[in-house]
Amino acid sequence: MLVGIVVAAGLALRWGFVGTAVVQAPLRVDAGQYAAYAANLVEHGVYSLAATVPPAPDSFRSPGYPLLLALCRWCAGASGWYGLVHAVQVVLGAATVLLCYRLARTWLPFAAALAAAVACALSPHLVVASAYVLTECWSTFLVTAGLVLLVAARGPGRLAAAGLTLGAAALANETLVLLPLVLAWPTWRQYGRGGALAFALAALAPVLAWHARNAGQDLARTGGERVTASISHGSYPGMVFRDPRLCGFPYREDPEQPAFGASWRGLREVLLRRVADEPWRYLSWYLLEKPLWLWRWDLVQGRDVLVYEVGNSPYERQPVMAASHWLMRWLHLPCMVLAACGAIAAAWNRRRRWPFAAHVLGLTAVVGTVAYLPVIPDPRYLQPIRPVLFVLGAAAATTLLQRVAARFGRPVAALDGPAVEPAG
């Protein structure tokens, strides 16, 4: 009953935001490109960003999210697809809350798993994702679902389903393409060679199919162009070039853009020269500051948790939603500190003290952070692993509580079973 209440609260918050907030110019920049791909798929049967008829095929963006938009457009038509996307994403967001609980419950006591689900339900970062035509809501659902399937697998079939789901997540967010390969190692240790192969091959299948499609035709634009541009945009220490007023968008005043990010050669020449001029500044930026920026609250390219500006935001007008925003912002720092401690301990997993599920989540948090170090360190990009962070934070808090209680010679009150007696 408690879990159902939490999931219902997550659904209500997301539906309340989507039904009240008005996203200003919702199909601009990234969102406009995803919508263009969906329109060309439905109307011309071509995966393309071009506005010409017939559109020339390209691979500038991976197809995971545009395929979902195309399905909504095919079902609801050109006039109804936008509303259907919102409804689908609200349901996906609420389902992610339930999956977060299931993921935590694989090894955590009930109270800790419920706390992780509550954080997932209330998180404004995840709530507002349902309102944008962006990949975050869809990729968060796929990553969480794939991890649930993986840690609860009981045979090659379920392991293949987990791999296929995480492979689909990599098509929705290509930065996650290395995640299944990293998780194949603990999967091997847990399920043996056959299980690991079933998982890895299923995870690679969607990505290999996408690359086979690209290799078979002449493409107008490729994903490599976007990768080089993204790396160049994220290379500015402090996300400032000269004018602090352009913080978050330093490339707009850089005279060496766009040549800086137009090719691998241009990227290499300019970036290596700048690193040679200020090696310690860039070392600090990439190894220390960027991870902290990724895990902070405020978006780099946006306001607060909003990617695109909205009007009539319920976080500003509705008392209950405003209170949830205040609570989650106040808890953000301790939650992220606990999550970082849990991620490092579970990923390292010295002497296998953490169970398989925790080890998988720790590696996911590390890979999800490291994967975004080359580009703009925007907390928006951390969305796909945010439920994982909530689970790891709950795990770290539970472990800390148990050790403190043991240190003072008092058993921990039963959370979901017998009390934890002090060691020795």
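At a 10 angstrom cut-off on C-beta neighbours, averaged per residue, how do the peptides 150-157, 193-200 rank from highest to lowest? Before the final figure, lay out each step's value.
Details: 150-157: 16.9, 193-200: 19.5.
My ranking of the peptides, most packed first, is 193-200, 150-157.
Given the Cα-Cα distance of residue 273 and residue 309 and 0.36 nm per residue of separation, how much length would full extension add, in nm? Before the final figure, lay out each step's value.
Details: separation 36, 0.36 × 36 = 12.96 nm, distance 3.65 nm.
Result: 9.3 nm gained on full extension.
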Simple SL model, points at 7 angstrom along Cα→Cβ for residue 24 and residue 289; separation in nm is 2.9 nm
Taking the chain and a Cβ-Cβ threshold of 4.7 Å, the cysteines left without a partner are 72, 75, 137, 247, 335, 341
Reduced to Cα centres, the span from region 246-273 to region 4-18 in Å works out to 42 Å
Of 232-245, 371-384, ordering from highest average Cβ density within 10 Å down gives 371-384, 232-245
Projected onto the charge dipole of the chain (unit charges on the beta-carbon of Lys, Arg, Asp and Glu, signs +1, +1, -1, -1), the Cα from 182, 266, 21 with the largest positive-side position is that of 182
Note: residue 5 to residue 348 extended length (0.36 nm per residue) minus current alpha-carbon separation gives 120.0 nm
The size of the Cβ-based charge dipole (Lys, Arg +1; Asp, Glu -1) of region 2-401 about the Cα centre, to the nearest 20 debye, is 1260 debye
Output for the chain (equivalent-ellipsoid semi-axes, sqrt of 5λ from the C-alpha gyration tensor, Å, descending) is 35, 25, 24
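All of the numbers you see were taken from the coordinates with simple rules; none came from a lab. Everything numeric here is computed off the predicted structure, so don't read it as measured data. Glycine also receives a Cβ, built like all others from the backbone with ideal geometry; neighbour counts cover every protein chain displayed.
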